Amino acid sequence: MATSIRTAFQPNVITLKVASLLPSSEIGPRERTEQKYRQIEASIQAVGIVEPLIVFPAGKGMYRVLDGHKRLNILVRRKVDEVVCIIATDDETYTYNKRVNYLSPVAEHQMILRALKHNSEAAIAKALAVNISTLRKKRDLLVGICKDAIELLKDRRISSNAFSVLRKMKPVRQVEVAQLMVSSNRCTEAFTDALLAGTRADMLLEPEKIKSAKLCSADQKIGMERETDELLRDLKSVEATYGTEVLALSVSCRYVARILANSKVRHYIEGRFPDVLSELDAVIASVESQLTDAAVSGA
């Protein structure tokens, strides 16, 4: 059966007047003395708003706040006029909390660069509760990383050490590895290190400085390089046909679901081929669930 998919948020971040925002709950004097509140206040003072507030239209140009009440309270007390927001399409705090995406390392890096234009390293490090060496590491996170690889990884929760591994590769290889990390949803240092071990010398910036994967033999190294290249070729082949195949699968499942919606047909199959009916129901449910998740995560 065909289902309609509705995204949880509008795709764009917009700027709204703080005066047009209505809190769903109040922040009392006691809560303003808590450490979490003071940390958020110090962070806003040092680097500004990092995560937009989540709001829902309340009519007459007003918006009800679903997430970000501490941030809103701080902005009101600091007499800030405007703030960036995301418009939710569902008037439920649960929807946001379920789908929340924490700040990615790339976004954090960009935020720190903006903050450094107006603040000292010491002030920002204090606001973010990190030491200056960690702050500098975050500041230099993308040095040596090509723009195309950054674009692929900008929304991913990726280890800063993984970027250190990518930095050892030439730009074209960085992009290939980033594509594989995204498609496999594995953005860890260990996975990136394994792909580095399977990278040919001509795709490395300084191959003489790369230690071969933990004492593997020359033949093993060649085998790893060949298998990694084949894996990347397979990925590109899948990407070329993925959209068409998903569309065909979606249409086929909806057609079968419509047939099974006929009580006579369903009763007939259930009586004669119960195993087949069970498998069909499972496939349809799985495809619809995956399409829904893909639509929401891509919103």
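Restrict the check to the range 63-74 and report whether at least one residue is of a type in the set (S, T, N, Q) and surrounded by fewer than 17 Cβ atoms within 10 Å (Cβ to Cβ).
Checked the range 63-74: no residue is of a type in the set (S, T, N, Q) and surrounded by fewer than 17 Cβ atoms within 10 Å (Cβ to Cβ).
Given the condition within 15 Å of Asn73 (Cβ to Cβ), in a strand (DSSP E or B) and at pLDDT 85 or above, answer yes or no: does some residue in the range 22-41 qualify?
Looking for residues that are within 15 Å of Asn73 (Cβ to Cβ), in a strand (DSSP E or B) and at pLDDT 85 or above, one finds at least one in the range 22-41, hence yes.
All but one of (1) under 22 Å from Ser104 (Cα atoms); (2) in contact with an Asp or Glu (Cβ under 6 Å, 6 or more places away or on another chain) hold for Arg167; which doesn't?
(2)
Assess whether Pro207 counts as being loosely packed, with under 14 Cβ neighbours inside 10 Å and in contact with a helix residue (DSSP H, G or I) (Cβ under 8 Å, 6 or more places away or on another chain).
Yes; evaluated as a whole, the condition is true for this residue.
The values are calculated or read from the model by the stated rules, or taken from the named source; none is laboratory data. The model shown is predicted, which means the values in this text are computed figures rather than measured ones. We place every Cβ from the backbone using ideal geometry, glycine too, and count neighbours over all the protein chains shown.
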